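The values are calculated or read from the model by the stated rules, or taken from the named source; none is laboratory data. Since the structure is predicted, the reported quantities are computational estimates derived from the model, not experimental observations. Note: ideal-geometry Cβ built from the backbone for every residue, glycine included; neighbour counts use all protein chains shown.
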């Protein structure tokens, strides 16, 4: 079984964030979603330039598809158009949205599966644990409140992966420790 672990950046710039990102890559992170909703494409480009180029192929940017012409990135999230040679992903919050996912999408972030750690009062939706029985052309990545403890439930439910944010960035100084704890939980179940 292949289970993908994705980290999503905090929505704001954090102190020492680039070093923490590099540490996560060094710990084995294969995909980092660069999600900075308050930043312009130019500001996101500035952030990417601070990340060593050897890791750019592990970055997925949110919405700023114009950055694909300047950097060799892994993919783009939240853009509903075909873009060749990169991974493409979208988000959904209800299974009824499955039918609207275009055929060129590689994976979908499904949230919130558990109570959010980064957004107060954003409760998990228990219905998301009952995945649709229809065949899907894309992978399902669980998001929202994922921790080293509850990731075991996602593995048992046969999700294709998990995206984590609050578990990593709520205590950014220990980002790598939390990431390794989740990795260890996954390894113990596979």
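Which of the residues that make up the range 141-152 are closer than 21 Å to residue 98 by Cβ and surrounded by fewer than 20 Cβ atoms within 10 Å (Cβ to Cβ)? Matches in the range 141-152: none.
Of the residues screened, residue 38 is not one that is more than 30 Å from residue 155 (Cα to Cα), out of contact with any strand residue (DSSP E or B) (no Cβ under 9 Å at 6 or more places or on another chain) and modelled with pLDDT of 95 or more.
Going by what's in this entry, would residue 69 be described as touching a helix residue (DSSP H, G or I) at 6+ places or on another chain (Cβ under 9 Å) and surrounded by fewer than 16 Cβ atoms within 10 Å (Cβ to Cβ)? For residue 69, the condition - touching a helix residue (DSSP H, G or I) at 6+ places or on another chain (Cβ under 9 Å) and surrounded by fewer than 16 Cβ atoms within 10 Å (Cβ to Cβ) - is not met. For residues that are surrounded by fewer than 18 Cβ atoms within 10 Å (Cβ to Cβ) and without any contact (Cβ under 8 Å) to a residue 60 or more places away in the chain, scanning just the range 159-172, find the one that is farthest from the chain's Cα centre (by Cα). The qualifying residue farthest from the chain's Cα centre (by Cα) is 171. Residue 20 satisfies every condition listed in (1) surrounded by 14 or more Cβ atoms within 10 Å (Cβ to Cβ); (2) free of Cβ contacts under 8 Å to residues at least 60 places away in the same chain; (3) over 15 Å from residue 75 (Cβ atoms); (4) under 17 Å from the mean Cα position of the chain (by Cα) except (2). Conditions first: (1) under 29 Å from residue 184 (Cα atoms); (2) touching a helix residue (DSSP H, G or I) at 6+ places or on another chain (Cβ under 9 Å). Residue 95 passes all but one, so which condition is the exception? Evaluating residue 95 over (1) under 29 Å from residue 184 (Cα atoms); (2) touching a helix residue (DSSP H, G or I) at 6+ places or on another chain (Cβ under 9 Å) leaves (1) as the failure.
State whether the residues of the range 54-68 include one that is in a loop (DSSP other than H, G, I, E, B), touching a strand residue (DSSP E or B) at 6+ places or on another chain (Cβ under 7 Å), more than 30 Å from residue 149 (Cα to Cα) and touching a residue at least 24 places away in the same chain (Cβ under 8 Å). Taking every residue of the range 54-68 in turn, none turns out to be in a loop (DSSP other than H, G, I, E, B), touching a strand residue (DSSP E or B) at 6+ places or on another chain (Cβ under 7 Å), more than 30 Å from residue 149 (Cα to Cα) and touching a residue at least 24 places away in the same chain (Cβ under 8 Å). When restricted to residues that are without any contact (Cβ under 8 Å) to a residue 24 or more places away in the chain and either surrounded by 18 or more Cβ atoms within 10 Å (Cβ to Cβ) or assigned to a loop (DSSP other than H, G, I, E, B) (or both), the range 95-118 contains 2. How about the range 130-190: which helices (runs of 4 or more DSSP H) wholly inside it have at least 2 residues that are under 27 Å from residue 15 (Cα atoms) and either modelled with pLDDT under 95 or touching a helix residue (DSSP H, G or I) at 6+ places or on another chain (Cβ under 7 Å) (or both)? Answer list for the range 130-190: 166-169, 175-189. Within this structure, residue 7 passes the test of being in contact with a helix residue (DSSP H, G or I) (Cβ under 6 Å, 6 or more places away or on another chain), modelled with pLDDT of 95 or more, surrounded by 18 or more Cβ atoms within 10 Å (Cβ to Cβ) and at negative phi.
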